[in-house]
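Before any comments, here is the structure.
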Amino acid sequence: MNMVPYDRIAQEAKDRFKEIAENTIPLLMVGTATCGLAQGARDVLVALKEESRRLGIEAEVREVGCLGHCYAEPLVVAKMPGTAPYLYGNVTPTKGSLILRRYVRDGDPFLDFLMGSLEKDDVVPLVYDLPRFYFEKRVILELCGLIDPEDIDHYIAHMGYYALHKALTMAPEAIIAEIARSGLRGRGGAGFPTALKWEACRSHIADQRIVICNADEGDPGAYMDRSILESNPHQVLEGLAIAARAVGASRGYIYLRAEYPLAIRRVKKAIEDATARGFLGKDIMGSGFDLHLTLFEGSGAFVCGEETALIASMEGERGMPRHRPPYPAERGLNGKPTLINNVKTLALVTHVIRDSAEAIASMGTEKSKGTMVFSLVGKVEQQGLVEVPMGTTLRSLIFDICGGIQNQKGFKAVQIGGPSGGCIPEALLDTRIDYESLGSAGAMMGSGGMVVMDEEDCMVEVARFFVEFTQGESCGKCTFCRIGTKQMLEILGDITKGKGTSSDLKLLKELAEDIRMGSLCNLGGTAPNPVLTTLRYFEEEYRAHIGEQRCPALQCRELIAYYIIPDRCAAGCEACVGTCPTEAIYTMSTRKKAIDQGKCVRCGECVVACPPEYRAVTKISPRREVPPSLEPPPEQGGTEIHG
Amino acid sequence: MESSLSRGGETIADKVKEILLSFDGRRENLIPILQKIQADLDHVPFQAMLHVAEYLKIPVGEIYGVVTFYNQFRLKPLGKYNIKVCMGTACHVKRSYIIMEEWKRRLGIQEGDTTDDGLFSLERVACVGCCALAPVMVVGHDGSETFYGHAMTSKVNGLLMEFQRKEAGRPPSE
């Protein structure tokens, strides 16, 4: 074996990256992952390029990935020669051109829009002192948003592919032993020890073994895998190559959702670049080890996140799970032993080998080691991706790091683990985030999606939503999953419409148990979790729906009514009238407004439109408590458009 | 659907045969083939499935089974303005169903349908992965999509008017 020394590989990339790092011209980096683009990062990018040209300001404008701070997108990092890089949040094209003129041209850091400095600086405080950054421990996200994901040199300059180089000099058993020492567990949901999975795949004798990166991220509300692949794809490719080396695989696939076009483009480019540089393909870095990597576009079926269904879909079948054993580690894709790992697991593999097992094992709890990336969305203030060590409490994550609940509302529950997970109430906010603690609370780690809910969210409706999702995604193979979830959905639908009966709760619990027992894969096995946890922690809410036709959170539309309080409504004000999509609001002889309940679709638009000094529109549940209207709606029913 | 039958002077059969040339006849290639067909023809017509069945030597019923199993594949062409409403968890708790209803009401079609003039189609998507912007609407076709975050029913009306104005050849309202 005559391996190319790593220093030689890295030097060239470092030289090239140095030009950027020790920039002689101003450098502007715009975060253009999907979330940034959705908030207008493309316009900012174009504006920066055009403005710098128009004003004759010499500056390099680059696209980078996502820092995970979705609440402040689009984000721009501006680095002037010889100063620390500064981070600007909520940048619009106009703000962008102001930054260009005021900071890049005139040298005034423009504190109004500044979030902070990314390196120690005399003028501007560090962003890492802000709570949202301070509590984070960025391992997987270390480089996300700070390097150009389409430029392999950026990655190599940050010790990229060092871990693979090191792994190629190690015996496969030693690699697996190192992963075992790190205590790494699969980040895809179930938390199976990674080393055991690798060992199992390696132990089966075969002419060929296969490794697959499972990037079929389907949980609604979780998007960290997409973000990681869009921001730093090489890190995952490197982890996959290390896994291939450890189990002795010569073929690899990235199974990525077709719904993620940008991630697909960046991963394709990363595979091409890595192959061209000799980090993939034949005789990797002169080690004699081959790995051919292909991108497979998943066609969007939630169940394909399950290993055997994923394999079926790659073989051109409907993505239906099959019975295990044999496990894919024994008989997987085309009958070959196959190792399937999640995106985050593979990203962590790179860090275990690059740094050491201890570096990961030193973080987290006794049984759950390392860090985990969560996506926090819903009613939480500073939404986005957060990477924290395992064992952090939910309270700390939601309140200390992400700034608590939006609009000063009260916290109600956090939904963890997507459709397979559960809702955790306020009383359990001090639960530590690790596989066991979440499991005993009735939820599960899942892929790390967290949806925070406030007092205006109805837990029955949330349960119904998740069952509707799993029902639609059930592949139909097992009767209990196919029909049981359908029955469950109908019962829950009835309850949210006020048509539930007192025996429904018992029936729901029975059905939940039957579905769990009667399903082959985890989609069915965990489908009742949202129902069971909401029943466990919020049974009162179910009872209010059934017994009183009342939705305590004022959300279930069949059980609420919007009502304009005559005393608060300002005569002559027309603010709500034009916003009503069904023209249900009419004017009374007092020139005050009232709602025709027969026409109202309860969209809530009038609440938003009513000026805050009046706040005349309220929600009432149950509907029978709506006071009788002072004047009946006009015969023709408000078809005439006011104003 | 004259446009899809004779896109660029080619029939579906010609196009599909051309696509099949770049794949060998292994079953594993079924999904990539279907993806390519949809990328080129905007949907997977039944006629195309017949050609694929012949090429891969599997029953057409099985291909239909695969096409209808996965969310990605469509049997009908999309409208010129394809509107997707995100129905993920984060969007749901921010009342995305009201947005969906408003589109249905305004367009007079159901989810998965296209308006008779072929201008608008309406889809629900499970999660587009930008939950911080919830509720989210996406307008456009694969690869050239525009995201609209923090959707409201009034935004739906505004957008619709914008599109209709554009179609009528009138300048945008602003």
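Scanning the range B:55-74 for residues that are within 10 Å of chain A (Cβ to nearest Cβ), surrounded by fewer than 18 Cβ atoms within 10 Å (Cβ to Cβ) and touching a residue at least 24 places away in the same chain (Cβ under 8 Å) turns up just one, B:I58. Looking across the range A:364-399, the residues that are acidic (D, E) and away from chain B (no Cβ under 14 Å) come down to A:E366, A:E387.
Restricted to helices (runs of 4 or more DSSP H) entirely inside the range B:26-108, those with at least 1 residues that are among the β-branched types (V, I, T) and under 30 Å from B:D14 (Cα atoms) are B:30-41, B:46-56, B:60-69. The residue pairs whose first member lies in the range B:145-170 and is touching a residue at least 40 places away in the same chain (Cβ under 8 Å), whose second member is in a loop (DSSP other than H, G, I, E, B) and surrounded by 13 or more Cβ atoms within 10 Å (Cβ to Cβ), and whose beta carbons are closer than 6 Å, counting only pairs six or more residues apart or on different chains, are B:A151/B:P135; B:T153/A:P581; B:T153/A:C603.
Among the residues of the range A:457-473, the ones that are outside any helix (DSSP H, G or I) and either in contact with a strand residue (DSSP E or B) (Cβ under 7 Å, 6 or more places away or on another chain) or within 9 Å of another protein chain (Cβ to nearest Cβ) (or both) come to 1 in all.
Checking every residue in the range A:387-397 against the condition of being touching a Pro at 6+ places or on another chain (Cβ under 9 Å), over 19 Å from B:A126 (Cβ atoms) and buried (at least 23 other Cβ atoms within 10 Å of the Cβ) gives zero matches. In the range A:167-182, the count of residues that are of a type outside the set (A, V, I, L, M), at negative phi and part of a loop (DSSP other than H, G, I, E, B) is zero. For the range B:103-134: of the residues being small (G, A, S), in contact with a Lys or Arg (Cβ under 8 Å, 6 or more places away or on another chain) and at the interface with another protein chain (Cβ under 8 Å from one of its Cβ atoms), which is surrounded by the fewest Cβ atoms within 10 Å (Cβ to Cβ)? The residue in question is B:A134. Scan the range A:363-376 and give yes if some residue there is part of a strand (DSSP E or B), at negative phi and touching a Cys at 6+ places or on another chain (Cβ under 6 Å), otherwise no. Yes, because at least one residue in the range A:363-376 is part of a strand (DSSP E or B), at negative phi and touching a Cys at 6+ places or on another chain (Cβ under 6 Å).
Scan the range A:285-293 and tell me whether some residue there is crowded, with 19+ Cβ neighbours inside 10 Å, within 12 Å of chain B (Cβ to nearest Cβ) and assigned to a helix (DSSP H, G or I). No, every residue in the range A:285-293 fails to be crowded, with 19+ Cβ neighbours inside 10 Å, within 12 Å of chain B (Cβ to nearest Cβ) and assigned to a helix (DSSP H, G or I). Checking the condition under 24 Å from A:I9 (Cβ atoms) and either within 14 Å of chain B (Cβ to nearest Cβ) or under 24 Å from the mean Cα position of the chain (by Cα) (or both), which residue from A:E317, A:E230, A:E238 passes? Matching residue, one of A:E317, A:E230, A:E238: A:E238.
Taking the numbered list (1) surrounded by fewer than 24 Cβ atoms within 10 Å (Cβ to Cβ); (2) closer than 20 Å to A:E238 by Cβ; (3) within 14 Å of chain B (Cβ to nearest Cβ) in turn, A:R354 passes all entries but (3).
Checking each residue in the range B:36-54 for being within 14 Å of chain A (Cβ to nearest Cβ) and buried (at least 19 other Cβ atoms within 10 Å of the Cβ) picks out B:I37, B:Q38, B:V44, B:M49, B:V52. For the range A:417-459, which residues satisfy the criterion of being of a type in the set (S, T, Y) and under 15 Å from A:R187 (Cα atoms)? Scanning the range A:417-459 gives A:S420, A:Y435, A:S447. The set of residues in the range A:236-262 that are out of contact with any Pro (no Cβ under 8 Å at 6 or more places or on another chain), hydrophobic (A, V, I, L, M, F, W, C), assigned to a helix (DSSP H, G or I) and closer than 27 Å to A:G319 by Cβ comprises A:V236, A:L237, A:L240, A:A241, A:A243, A:A244, A:L262. In the range B:155-167 there is no residue matching the filter, namely being surrounded by fewer than 16 Cβ atoms within 10 Å (Cβ to Cβ), among the β-branched types (V, I, T) and within 10 Å of chain A (Cβ to nearest Cβ).
The number of residues in the range A:200-227 being more than 14 Å from chain B (Cβ to nearest Cβ), assigned to a loop (DSSP other than H, G, I, E, B) and within 23 Å of A:G384 (Cα to Cα) comes to 0.
The numbers here are math on the coordinates, done by the rules we state, and not lab data. Note that this is a predicted model, so its numbers are computed, not measured. No Cβ is skipped: glycine too gets one built from the backbone with ideal geometry, and neighbour counts run over all protein chains shown.
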